[in-house]
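The next block holds one structure in the form of structure tokens; read it before the comments.
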Amino acid sequence: MAAVVIDGKKVAEEIRGEIKARAAALAREGIVPGLAVILVGEDPASVSYVTAKEKACAENGIASFERRLPADTPEADLLALVEAFNRDPAVHGILVQLPLPRHIDERKVIAAISADKDVDGFTPVNVGRMVLDEPCFLPCTPAGVIELIRRSGVRTEGARAVVIGRSNIVGKPLMNLLVRRSINATVTVCHTGTQDLAAICREADILIACAGKAGLVTGDMVKPGACVIDVGVNRVEDLSAKSGYRLRGDVDYEDASAVAGYITPVPGGVGPMTITMLLANTVLSAERRLRGDHA
Ligand code: GUN
């Protein structure tokens, strides 16, 4: 039987409806949630993400404060801008688009973001809170993956989950979220040093590919009926496309969907969820400030 296709656009729309209602409730208190977005340089993928974030803010009752800086911006100037947004009461969330140019110390910049405005959930303080299961901002892509799984009715209690990839942004946070009691999966994390990846994947009731390698997961690596979540967004050359490339996930979709029980497409799976969770975190930050919950 063909897999159920998890429609990320539809789930994201549902959540955006909830976000709009929360933003409207804040507006009645005289508060407009505000997101500051900083982009350094002109990396084409980053430019398109940042543009999409600004559009999503405008559509959902969130003010966006955008700064596009040249690629040779000194690190000190970027840190000063982050500090200015930390102090600005109209700003509830700060996002510095990654990757940053090589002359800038990414860790230093991320650590400079106030934990109470870190809607990406990347600061060491928020990562620590996430691991300890304390109130925090969850990183957007992993939080989006969890919401997709939950809202699709996939059983997680006692499930075996395999995560392929150990990045700070996706793999490691997913490992932490999947073992929470509210999810209760048993988690294995695979990476470039993993031996016999296919055999480990075949044990997975929930298989999450976030390795950044196009077509890595083939049908023979999928347990029949498993839920396959594809986080990969790889640009592969396609001369028949206007842009000269097309987006391909980490999963061989045709092959895997013949075996899986549930599967996310690329595009239209995890992608729409990431920005949605960013909007949700920004609204949450404004709500927390209103309640006086921030440190
Ligand atoms: N670059 C790729 N993904 C992300 C993300 O989720 N947040 C930021 N700030 N940069 C990114």
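Each reported figure results from applying straightforward, stated rules to the coordinates on display, with no laboratory input. The structure displayed is predicted, hence computed values, not measured ones. Cβ: placed from backbone, ideal geometry, glycine included. Neighbour counts: every protein chain shown.
Using alpha carbons only, how many degrees (0 to 90, rounded to 10) separate the axis of helix 271-291 from the longest principal axis of the chain? The angle comes out near 40 degrees. Phi angles across the stretch 40-51 convert, under the Karplus curve 6.51 cos²θ - 1.76 cosθ + 1.60 with θ = phi - 60°, into 3J(HN,Hα) values of 10, x, 10, 3, x, 5, 5, 4, 6, 4, 5, 4 Hz, Gly and Pro given as x.
Across the alpha-carbon atoms of the stretch 143-295, the computed radius of gyration and Dmax are 16.6, 54 angstrom.
Over the stretch 1-119, all Cα pairs binned in 5 Å intervals from 0 give whole-percent P(r) values of 2, 10, 18, 19, 18, 12, 9, 6, 3, 1, 1, 0, listed from short to long.
With both residues required to sit in the stretch 159-289, DSSP beta bridges show an antiparallel share near 20%.
Relative to the longest principal axis of the Cα atoms of the chain, the long axis of helix 140-151 lies at roughly 50 degrees.
Taken along the Cα-to-beta-carbon direction at a fixed 7 Å, the label points for V179 and D88 span 3.9 nm. A simple spin-label model places pseudo-atoms 7 Å from Cα toward Cβ; at R155 and E106 they are separated by 3.9 nm. Note on the chain: antiparallel DSSP beta bridges, both residues inside, total approximately 10 percent of the bridges counted. As an exercise, use a Förster radius of 25 Å and the Cβ-Cβ distance of E18 and K242 to find the FRET efficiency, rounded to the nearest 0.05. Efficiency at R0 = 25 Å is approximately 0.10. Pairs over the 20 Å Cα-Cα cut-off, from the set K9/K55; K117/K213; K172/K213; K20/K53; K20/K55: K117/K213. Taking 7 Å steps out from each Cα toward its Cβ at E42 and A198 produces label points 4.5 nm apart. Among G144, G268, G93, the largest mean-square fluctuation in a Gaussian network model of the chain, built with springs joining Cα atoms closer than 10 Å, belongs to G268.
Grab the DSSP H runs of the chain that are 4 residues or longer, score each as -39,500 (n - 2.57), total them, divide by all residues and round the 222 nm result to the nearest 500 deg cm²/dmol.
Mean residue ellipticity, 222 nm, calculated: -12000 deg cm²/dmol.
Dividing the convex hull volume of the alpha-carbon atoms in the chain by its residue count gives 137 Å³ per residue. Note on the stretch 219-295: Rg/Rh from Cα positions, Kirkwood definition for Rh, rounded to two decimals, is 1.20.
Could you please report the charge total around A111, scoring K, R as +1 and D, E as -1 over all other residues with beta-carbon less than 15 angstrom from its beta-carbon?
Working: positive: R107, K108, K117, R129; negative: E75, E83, D105, E106, D116, D118, D120.
Neighbour charge sum, excluding A111 itself: -3.
Projected onto their three principal axes, the Cα atoms of the stretch 85-216 cover extents of 49, 34, 23 Å, largest first.
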